[in-house]
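The values are calculated or read from the model by the stated rules, or taken from the named source; none is laboratory data. All values derive from a computational prediction rather than experimental measurement. For neighbour counting, all protein chains shown are included, and Cβ atoms are generated from backbone atoms with ideal geometry for every residue, glycine included.
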Amino acid sequence: MISRLMGSESFLQAITSFLRSNLYSYITPEILYEHLQNYANGGGKLMKDINMREVIESYANQPGYPLITIKRNYSSGWIEILQERFNLHSNWSNPKQPLWWVPLSFVSKSLASSTISSQFGSTWLAPKDKGLMKINSDPQDWILCDIDKIGYYRVNYDSYNWNMLIEHLGTDEFDTIKPITRATLIDDAFNLAQGGYISYNISFRLINYLGKETEYEPWFASLKSLYFLNQIFQDLPTLRVSLQSYTIRLLKTIYQSFSFVKTQDSLREKLLRQLILSAACEMNHPHCLKQARFKFTKWINDSSEIVDPDLKSSIYCSGIRFGSDEDWKEVFSRFIQADLHTEKELLMKALGCSNNKILIDKFLNFSITTHEPEIQKQYRTLIVSGIINGNRENINYTLEFIAKNFEKIIKMRGSKFLIDVLNLVKVRVTSIEILTQFSSLVENDISNLDGMEQARSAVKYAERSIAWIKKHSAIIENSVNSQMYM
C-alpha cells in the first residue's frame, strides 16, 4: 500500500536510501519511517504533510483492517464516510474499536470513461469514526472508492449505489471500470455478504455480467467466492447442485474459448485458461470432466505421456475421483518414485481425491508410519490436507482414523502434528453430524492431548461455521435460483 501511495520510484529510492545509510548499523522502525518520509512527496498531493509513522503504525500495531462505508445524500451531494474494523464473524465485539489512516480515492461513472481524469477527491480519512465529503457528481452516476486497490480496506455502499454499479456491469460499457477494480468490487461484495453487511442477492446480481468478462482478476475473485460456497454447502446437495449449475452457466462463454490442448499463450492467458478449466472441472462440468478423464487415462497407460503442467492438478484429481482402485495404486506408485517436489505434491493431492475408505485409510496410515518408504516430514500434513480437501466423505474417514489411532499418532508424530490436522479438519466441518463427530473426538477420544485448548478452539470454529450455514443457506439458495436464468 505504501509503495503504491508514494509511487514505486519514490518508494524504491526511500528503501535504497534506508539500506545504504544503515548497511552495518542497528536499526529501528523510526529510521525506516524517516527515510520513507523524506521521499513521500513523490506520491503527489495525497502524500503531502502526511506522517508516515502514524499511517504505517495504524496498520502494523492494530488487529484487522478497515471497512469503509460510503453513504450518499443524493439531494445535497454530500457523502458520509464511516470506518470500522471489518469482521467476518458478526458476534465479534471490542469496546475499543481500532481506527486507521485510510487513503481514499473516488471515481464516478462520468469520470470512468473520461480520458482527462479518472479520479476525484483523493484524500485521507483520519483515525476517527466518520468523515464528510462534498462531491460534484450526478445523482444518477455511481461512484467507486479505492481505485485500482491502492488502499488496504474493503468498501461498502448504500443500496442505491450498489444497484447502479450492478446495472453498469450489465452494460457493454462494463470495462470502463478497470479489471483490478472490478475484481475488488466482486471480492468486497462477497466478503461483505459473508460477514452479514449486505445481502448475498447483491453479490450474485453483481457477477451476472461474467458472461462478457475476459480478464483474469474478476474471474479469480468470483470463482474464489463460488469455491468457498461450493465447499461449505457440500452437505446440502440441492443447494450445491444449484451453485454448480449457476457457476457453469457463468463459465459457458469463456469455457468455450479454451481447450485441454496446450497452446502458446501469454502468461495472463495461461493463468486464465488454468483458472477456467480447473473451475469447470471442480464444478462438475460434464465436458471438462470427460476431457480430464481422457487425458488422465492416456497418462496412466503411458507414463511417458506429457500432461500439461497448467492442468495437472485438475486432470490428476478428476482421474482419481472417477477412476478405479488400480488407477489409485498406479498414481501412488508414481508418487513414491517422483523426484520433483512439485510433481510429488500434485500426485499427493490427487491421491486424496479418492473416496475409497480402504485406500484413504492406507494413505492416512502412510502419513504417520515410520516404516519404509518413510514419508518426508514436510509431506505428512500435506497428505492429510489433500485427503480432507479431496472428497467430502474423507472428513468422516479422517475423524474415524484419528479416534482409532490416537496413541499411535501421538507416539509417532507428536501433539503438534495432531493439532495441525484438527485445524485442517475444522474448516471442512459442514454438517451437524460431522460437528458431533468432531466434538466427540476432541472431548472423548483425545481428551488427554497436550494442547486441548487449541483442539477446543478448532471445535468452536466449526460450531461458528455450522451456525453460519444455518443462517445463510436459505438466503443463498433463493439468491442463486433467482439469478439462474437471468
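Quick notes on this one:
- Residue match in the range 429-436 (condition: in a helix (DSSP H, G or I), in the same structural domain as Q234 (by TED's automatic domain parsing), of a type outside the set (A, V, I, L, M) and within 28 Å of K377 (Cα to Cα)): no
- Candidates T247, T253, T238, T297 - the one that is hydroxyl-bearing (S, T, Y), modelled with pLDDT of 95 or more and touching a His at 6+ places or on another chain (Cβ under 9 Å): T247
- Screening M412, M452 for residues that are in contact with a helix residue (DSSP H, G or I) (Cβ under 8 Å, 6 or more places away or on another chain), free of Cβ contacts under 8 Å to residues at least 12 places away in the same chain and within 22 Å of I368 (Cα to Cα) leaves exactly one candidate, M452.
- If you filter the range 362-408 down to residues that are β-branched (V, I, T), closer than 28 Å to I432 by Cα and crowded, with 18+ Cβ neighbours inside 10 Å, you find that the one that is farthest from the chain's Cα centre (by Cα) is I402.
- Condition met for L250 (outside the structural domain of Y157 (by TED's automatic domain parsing), in contact with a Ser or Thr (Cβ under 8 Å, 6 or more places away or on another chain) and crowded, with 22+ Cβ neighbours inside 10 Å): yes
- Any hit, the range 182-192, residues being closer than 26 Å to K71 by Cβ and either small (G, A, S) or touching a His at 6+ places or on another chain (Cβ under 9 Å) (or both): yes
- Contacts under 6 angstrom Cβ, first residue in the range 334-349 being closer than 10 Å to K312 by Cβ and touching a residue at least 12 places away in the same chain (Cβ under 8 Å), partner β-branched (V, I, T) and surrounded by 15 or more Cβ atoms within 10 Å (Cβ to Cβ), 6 or more apart: L347/V331
- If you go through the range 138-152 and keep only what is of a type outside the set (V, I, T) and closer than 20 Å to D188 by Cβ, you end up with D141, W142, L144, C145, D146, D148, K149, G151, Y152.
- Residues of the range 36-75 that are in contact (Cβ under 8 Å) with a residue 40 or more places away in the chain and polar (S, T, N, Q): S58, T69, S75.
- Filter result for A403 (of a type in the set (A, V, I, L, M, F, W, C), touching a Cys at 6+ places or on another chain (Cβ under 9 Å) and either in a helix (DSSP H, G or I) or not assigned by TED's automatic domain parsing to the domain that holds S324 (or both)): no
- Residues that are among the hydroxyl-bearing types (S, T, Y), over 22 Å from L192 (Cα atoms) and modelled with pLDDT of 90 or more, drawn from the range 35-73: S58
- Qualifying position, being modelled with pLDDT of 90 or more and farther than 20 Å from Q234 by Cβ, among D420, D445, D450: D420
One line per residue, one yes/no per condition, for (1) in contact with a Cys (Cβ under 8 Å, 6 or more places away or on another chain); (2) without any contact (Cβ under 8 Å) to a residue 60 or more places away in the chain; (3) over 21 Å from I469 (Cα atoms); (4) not assigned by TED's automatic domain parsing to the domain that holds Q274:
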| residue | (1), (2), (3), (4) |
| --- | --- |
| T176 | no, no, yes, yes |
| P179 | no, yes, yes, yes |
| R182 | no, yes, yes, yes |
| F190 | no, yes, no, yes |
| I202 | no, yes, no, yes |
| R205 | no, no, no, yes |
| E215 | no, yes, yes, yes |
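- Taking each residue of the range 277-290 that is within 16 Å of G323 (Cβ to Cβ) and in contact (Cβ under 8 Å) with a residue 40 or more places away in the chain and looking for partners that are among the polar types (S, T, N, Q) and not in a loop (DSSP other than H, G, I, E, B) with beta-carbon atoms closer than 6 Å, six or more apart or interchain, yields N284/Q244.
- Residue count for the range 111-136, restricted to those that are modelled with pLDDT of 80 or more and either farther than 29 Å from E54 by Cβ or of a type outside the set (D, E, K, R) (or both): 8
- All helices (runs of 4 or more DSSP H) inside the range 1-83 with 2 or more residues being within 30 Å of N156 (Cβ to Cβ): 2-6, 8-21, 52-60
- Of the residues making up the range 127-153, those that are surrounded by fewer than 21 Cβ atoms within 10 Å (Cβ to Cβ), assigned to a loop (DSSP other than H, G, I, E, B) and within 26 Å of the chain's Cα centre (by Cα) number 2.
Condition check ((1) of a type in the set (A, V, I, L, M); (2) closer than 22 Å to D445 by Cβ; (3) at pLDDT 90 or above) across all residues:
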| residue | (1), (2), (3) |
| --- | --- |
| L364 | yes, yes, yes |
| S367 | no, yes, no |
| K377 | no, no, no |
| S385 | no, yes, yes |
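- Any hit, the range 161-173, residues being of a type in the set (D, E, K, R), in contact with a helix residue (DSSP H, G or I) (Cβ under 9 Å, 6 or more places away or on another chain), in contact (Cβ under 8 Å) with a residue 60 or more places away in the chain and surrounded by fewer than 21 Cβ atoms within 10 Å (Cβ to Cβ): yes
- Qualifying residue in the range 20-33 (condition: surrounded by 13 or more Cβ atoms within 10 Å (Cβ to Cβ), closer than 19 Å to K128 by Cβ and hydrophobic (A, V, I, L, M, F, W, C)): no
This table checks each residue for (1) without any contact (Cβ under 8 Å) to a residue 40 or more places away in the chain; (2) surrounded by fewer than 17 Cβ atoms within 10 Å (Cβ to Cβ); (3) within 18 Å of Y227 (Cα to Cα); (4) of a type outside the set (A, V, I, L, M).
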residue	(1), (2), (3), (4)
L275	no, no, yes, no
N301	yes, yes, no, yes
S324	yes, yes, no, yes
W328	yes, no, no, yes
